[in-house]
């Protein structure tokens, strides 16, 4: 490098070092970012269940409403981060009528809730409310992670109901493919009955630790990257946005956690084809609505082995798997999602929402 180039680079690094120190002090004293601010109305608020209806951002709206189904471990604002980085906002501007099932932390008095409550009560109640609100005869379900599992169970048990389309993101079906979770929940060592008897519900702290240990060095590496980029306002904003969501975990109702552990993690009953909800057999082949499953190429939470069998098990003629670059979270939110997933989802839904 020439001497002027060296001096310019040194000046740049000095300025960035100064900004790191100045902005670093502000980082620790400033409040967490406000997320999930797209205007909405609450249609159902019952215990752990919330159903939201987002206000339209387009004069013309597609006929078929969309119901987003969030995973039960996390808050739904991953769908609605910040203006310009919100899947909800994107869908609204594209002309879709958007609803979302979100969750609050279940109280100890809700530890009795099980899979049957989610699949045979919560989801049907929300679907009925959406159809009542819109006056339409059918609906599109879009489920993320375990929200996708709940959507699959509901759809398989209600084949005669008005499901127009079904979309799942990063959704497991072969739970033996989730090797790390398999190791931690090994029935030889993990006493799920004792856990629930002691705590009532599965603590959020335990779930957070389990997810964090999938990549034990990721948090340290993330903090290093944050410090290196403290001068970069856009990087810091994105980091805080995702860090807040990833640490904002929810406990799981006791019976629900016990049933998912025993039926899915231990017995792999959904993949093996003999899962039951309240005595009713679940057959994924009974799902005949158009179906799209989107998986992340670098998903460390739901590896490809856990999700790749899903599409062949669905009975739909119109079905497809889409593999996109990204991880479990970056698939649906952030810069990569804006360029990759969102346009594909928009195109697929547009053709099937009239």
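The values are calculated or read from the model by the stated rules, or taken from the named source; none is laboratory data. Note that this is a predicted model, so its numbers are computed, not measured. Neighbour counts run over all protein chains shown; Cβ positions are idealised from the backbone, glycine included.
Results, tabulated for the structure shown:
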quantity	calculated
Single match in 238, 246 (criterion: closer than 20 Å to residue 78 by Cα, in contact with a strand residue (DSSP E or B) (Cβ under 9 Å, 6 or more places away or on another chain) and either at pLDDT 85 or above or not in a loop (DSSP other than H, G, I, E, B) (or both))	246
Residue within the range 195-206 that is touching a helix residue (DSSP H, G or I) at 6+ places or on another chain (Cβ under 7 Å), at pLDDT 75 or above, on the phi > 0 side of the Ramachandran plot and outside any helix (DSSP H, G or I) present	yes
Looking only at the range 242-291, and only at residues there that are free of Cβ contacts under 8 Å to residues at least 40 places away in the same chain and under 21 Å from the mean Cα position of the chain (by Cα), the one that is surrounded by the fewest Cβ atoms within 10 Å (Cβ to Cβ)	247
Only listed residue being touching a strand residue (DSSP E or B) at 6+ places or on another chain (Cβ under 6 Å) and farther than 21 Å from residue 263 by Cα, chosen from 122, 90, 99	99
Selection from the range 149-177 of residues that are within 14 Å of residue 66 (Cα to Cα) and in a helix (DSSP H, G or I)	151
Odd one out for residue 111, checked against (1) surrounded by 19 or more Cβ atoms within 10 Å (Cβ to Cβ); (2) under 30 Å from residue 334 (Cα atoms)	(2)
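Residues are listed down the side, and each one gets a yes or a no for (1) more than 22 Å from the chain's Cα centre (by Cα); (2) in contact (Cβ under 8 Å) with a residue 60 or more places away in the chain:
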residue	(1), (2)
86	no, no
91	no, yes
107	no, yes
127	no, yes
138	yes, yes
